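Read through the structure below, which is laid out as structure tokens, and then see the notes.
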Amino acid sequence: MEHIWTLIIFSAALAHSTHLPDYVEVCKRTDPNLQTCIQKSIENLRPRLIEGMPEMKVPPIEPLIIDEPIANEGTGLKVVTKNLKAWGGSNYTLKNLDIDPLKPKFNFHLNIPHLKVEGVFDVDGKIIMIPVKGNGEITADVYDVDSEVSMKSELVNKDGDQFLSFYGLDLNKLKIGKGKIHIDNMFGRDDKLIGDVISSAINLNFNYFVQELKPTIVSTLTQFAVKSANNIVRDVPLSELFPE
């Protein structure tokens, strides 16, 4: 999902610049219909996002691959995930774009109808009040991922120019409509029954489980969205990203 926010920044930086490829549609910051122009450009770039944009250090989103381990601790639950793959991120819908490069401000509403996720994890704590400590493989289908998104950014002076810098992400009113999770090999292949019991317990209390994992979800998305966005903007002055 993080590369959706990368695409927002990429599309908002619509300018004639040697740093940006020719297929980017130009939107000037003085355009009275700036938000509409950016929305159109985002839609035009969807196929590029699926394939990846290596010249901007943006990998393909189908599947989105996150190799690096992500560690975070929620309420009574410590989770480390790695080797994550996610499908479905390219089917995003963006609405209510509120972008002002001079403040700077990057706000929008995001919805993804369906995400399929696979990966491995280590867990220590309680899942639905069940004490669990081990590692295993996880597959998940989550539906109707919905959030108000705010990219935290600032303007930095460098070499006589101003540059955008992103340092955080707010996911306001993050909701997941429904989902299903399956855990394999948490205690070795001989204890499949335990994994099935835990999977069943999670699915019966899916909304509660998502609340437990929200800190991990937010931390993961923030880390990668900020990194990807900064890869795009750090070498391009604001005057080139948003020409008059």
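Since every read-out is calculated from the coordinates, none of them should be taken as a lab result. Nothing here was measured: the structure is a model prediction, and the numbers come from that model. Backbone-built Cβ (ideal geometry, glycine too); neighbour counts: all protein chains shown.
The table that follows gives values for the structure above.
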| read-out | value |
| --- | --- |
| Pair His114, Asp146: separation of 7 Å Cα→Cβ label points (nm) | 1.8 nm |
| Sites Leu102 and Lys227 - FRET efficiency at Förster radius 22 Å, r taken between beta-carbons, to 0.05 | 0.40 |
| Extension gain from Ser239 to Asn91, taking 0.36 nm per residue of separation minus the Cα-Cα distance | 50.1 nm |
| Stretchable slack from Lys78 to Ile65, in nm (0.36 nm times residue separation minus alpha-carbon distance) | 2.5 nm |
| Length-normalised contact order for the stretch 136-181 - Cα pairs under 8 Å, 6+ apart - percent | 52 percent |
| Per-pair calculated FRET efficiency, R0 = 51 Å: Leu193 and Arg46 via Cβ, rounded to 0.05 | 0.70 |
